[in-house]
1. Using a 1.4 Å probe on the protein heavy atoms only, what accessible surface does residue 84 show? Give it in Å² to the nearest 10.
2. Kindly rank 118-125, 43-50 from highest to lowest mean number of other beta carbons found within 10 Å of each residue.
3. If I take the Cα coordinates of the stretch 75-155 and project them onto the principal axes, what are the three extents in Å, biggest first?
4. For the stretch 80-149, report the accessible area per residue in Å² (1.4 Å probe, heavy atoms, rounded to an integer).
5. Take the solvent-accessible surface of the protein heavy atoms, probe 1.4 Å, and return the percent of it on the stretch 31-153 that carbon and sulfur atoms account for.
6. Report the Cα-based extents of the stretch 115-155 along its three principal axes, largest first, to the nearest Å.
7. When the chain is fully extended, how far beyond the present Cα-Cα distance does residue 52 get from residue 70, taking 0.36 nm per residue of separation?
Amino acid sequence: MNKRTRRVLIWLSTLVSVWLAGCSTAPSQIGVPVTSETVALGAELYAQHCAACHGVNLEGQENWKERDANGYYPAPPHDDSGHTWHHGDENLRGRILNGAEGLDPAFQAASVMPAYRDTLSVEQVDAIIAFFKSNWGPVELERQLEATQREAQSQ
Ligand code: HEC
């Protein structure tokens, strides 16, 4: 077997083991399903509950990286330009259900993010996350999936 063939074989076996590792995890554990139904529901809920702060087109508020005159952070974008996709599904669920209350005490006072646990069901929150995913590019989606997988492994 020459070097090149061996390299191809190693590469293929790595691919197969990554694929098998993916299969051993139930789909519900590796992420919120993005289907036409969840995305449509998520878009509707987003427009109703979130767009006023996070922007109709997920663009966020201006100067979102800096506190405003009252010491509050503006709402960040949920498109590729923000950092929502840095967080795995479980983390995002928590951020939406618990709002500012789920944050580090140091950040809590600077956040006006409401808690949605009494307004939205987990399924509805998951639909909003699916809607976010439908707007992310391939690189962001890949990174977010990795974050979701890391979360699942550390549980
Ligand atoms: C009153 C304005 C307001 C509304 C309404 C609002 N948010 Fe937020 N949201 C914020 C602010 C401000 C932040 C940044 C501070 C923080 O992280 O808590 C934030 C942060 C977040 C984050 C963390 C993003 C990151 O990159 O860390 C997520 C996720 C989020 N919001 C989702 C939602 C969803 C989904 C809705 C609707 C169900 C919603 N927000 C409604 C103001 C709002």
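1. Result for residue 84: roughly 10 Å² accessible.
2. The most tightly packed comes first, giving 43-50, 118-125.
3. Sorted from largest, the Cα extents of the stretch 75-155 read 34, 25, 25 Å.
4. It amounts to 51 Å² per residue over the stretch 80-149.
5. Result for the stretch 31-153: 52 percent of the exposed heavy-atom area is carbon or sulfur.
6. If we take the Cα atoms of the stretch 115-155, the spans are 32, 28, 15 Å.
7. Full extension from residue 52 to residue 70 adds 4.6 nm.
The values are calculated or read from the model by the stated rules, or taken from the named source; none is laboratory data. Everything numeric here is computed off the predicted structure, so don't read it as measured data. Ideal geometry is used to build each Cβ from the backbone, glycine not excepted, and the neighbour counts take in all protein chains shown. Calculation scope for accessible area: heavy atoms of the full protein, side chains included, ligands and nucleic acids excluded. Shrake-Rupley method; radii C 1.70, N 1.55, O 1.52, S 1.80 Å.
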